[in-house]
1. Among the residues of the range 166-202, count how many are surrounded by fewer than 12 Cβ atoms within 10 Å (Cβ to Cβ) and of a type in the set (A, V, I, L, M, F, W, C).
2. May I ask you to say which residue of 63, 30, 108 is modelled with pLDDT under 95 and under 30 Å from residue 152 (Cβ atoms)?
3. What single numbered condition from (1) assigned to a loop (DSSP other than H, G, I, E, B); (2) more than 17 Å from residue 217 (Cβ to Cβ); (3) out of contact with any Cys (no Cβ under 9 Å at 6 or more places or on another chain) fails to hold for residue 243?
4. Here are 275, 271: which of them is touching a helix residue (DSSP H, G or I) at 6+ places or on another chain (Cβ under 7 Å) and surrounded by fewer than 21 Cβ atoms within 10 Å (Cβ to Cβ)?
5. Yes or no: residue 97 on the phi > 0 side of the Ramachandran plot and either surrounded by 20 or more Cβ atoms within 10 Å (Cβ to Cβ) or not assigned by TED's automatic domain parsing to the domain that holds residue 271 (or both)?
6. Pairs, please: C-beta under 7 Å, at least 6 apart or cross-chain, first residue outside any loop (DSSP other than H, G, I, E, B) and in the range 211-239, second of a type in the set (Lys, Arg) and crowded, with 19+ Cβ neighbours inside 10 Å?
7. Pick from the range 58-106 the residues that are of a type in the set (Val, Ile, Thr) and part of a strand (DSSP E or B): which of them is farthest from the chain's Cα centre (by Cα)?
8. From 79, 27, 23, which residue is on the phi > 0 side of the Ramachandran plot and in the same structural domain as residue 126 (by TED's automatic domain parsing)?
Amino acid sequence: MSAIFTDHQAALRDEVRKLLTDGTIKGFIGYARGRDSYHPAPAIVTRPDQVDGLILDQFCIFGLTKYLLDYIFEDGKMGIVAKGCDSLALQRLITDHRVSRDKVHVIGLPCAGVINAEKVAQLGLGNVQKVTDKGASFLVEGDKGSRELAKTEYLWDKCLWCEHHNPAVADSKLGPEVENVAMKPRDYSDIEAMENLPPAEKAAYWTRQFSRCIRCYACRNVCPACNCRECVFDIADPRWVGNTVKLSEQQMFHFTRAWHVAGRCVDCGECERVCPMELPLMKLQHKLQKDIVKLFGNPKPFEPSEVEVLGQFRATEDPEEFM
C-alpha cells in the first residue's frame, strides 16, 4: 500500500477547493513549497484560486495544529490537514479547551512515516522530483541523482516507534488507512543509561546542554501542550522568572516547561526538531513518560485524556515512594 503523500496532493486540493467554494470552511491551513524541495512551509488559503499552491510531500514533518490558536474564525470553520501524530496535538488543544472541535474541519492524512529532510539533503541528490514507497525503503529521485533509502535510517526517529499512523480526529481522510504498527518498539535505554550515572555526571550533562540555550522559545512556541495564552515567562509584572541568557534562568525555563507538559506531551518531538542549538529536549519528556508508565500504569501517557495522571490526586492509589 502506498503511503506517499504526493499521491493525495490532487485530492487534497480538490477537497479544499470544494470546502471553500461551498462555504464549509472559511480558510485552510496546509503546506506550501518553501525555500527548496526539502523544506515545505505552512500556508493559509482563504480563496479557491489559492488552492493550487498547497502541496503534500514526504518532507511535511511539522504539525500545523498550533496555528489554530491564532487562526480560528468566530463565524465559521478553519480547515486543516493532519497526520496521526498531528491529530494527537489537536486532541491536546481540544482537551485543554483551547480549540473547539466544531470550529475545525480536519482532513486526515494516513502516514507511515516522514523522511528526515536534513539527512537526505546531505546526499547531494539536488531538488527532489519524486519519492516512491518500496516497503522497507523509499526511492528518492532528485535532479542530480537518486538513492534508495532504508526507512529505519532515514525516517524521523519518532516515526519509527509511532503507533498513530491514522488520524484519530478527522472529518474525512485522504486515501486508505495505514496499519497501526510501530517499526520498532519504544526504547528508553538512553534514559536508563542516564539514570545510572552518578548525580554529578548527570548535573554536568544538563549544565552543558542548558548553557547553550539562547532562550529563543522556539520549543515553547511549537509545542501543542504549551498552549497558555499568556506564558509565565512573558509576564513582566510580577516578574516570576527572568528572561536573560544565563544558566540559572535557562535551567529554570527548561525544567519548568518540562513539568508543565509532563503527562500532557503528545510525543511529537517538535520542540527538539526546531531547536536551533539542537538541545536533547525530548530526553526530559521521555524520562517523565517512562516514570508515568512505571508509577501510574499508564502505557501511553502521550495520548490525551480528559484527566491526566498529574492532574489528579488519588490518596490511596498514587505512589508515594518519597515518604
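1. Residues that pass the stated criteria total 3.
2. Sole residue among the options that is modelled with pLDDT under 95 and under 30 Å from residue 152 (Cβ atoms): 63.
3. (2)
4. Result: 275 is the single residue among 275, 271 that is touching a helix residue (DSSP H, G or I) at 6+ places or on another chain (Cβ under 7 Å) and surrounded by fewer than 21 Cβ atoms within 10 Å (Cβ to Cβ).
5. Criteria met by residue 97.
6. The qualifying pairs are 220/257; 222/66.
7. 104
8. 23
The values are calculated or read from the model by the stated rules, or taken from the named source; none is laboratory data. What you see is a predicted model; the values in this text were computed from it and never measured. Cβ coordinates were reconstructed from backbone atoms using ideal geometry, including for glycine residues, and neighbour counts include every protein chain displayed.
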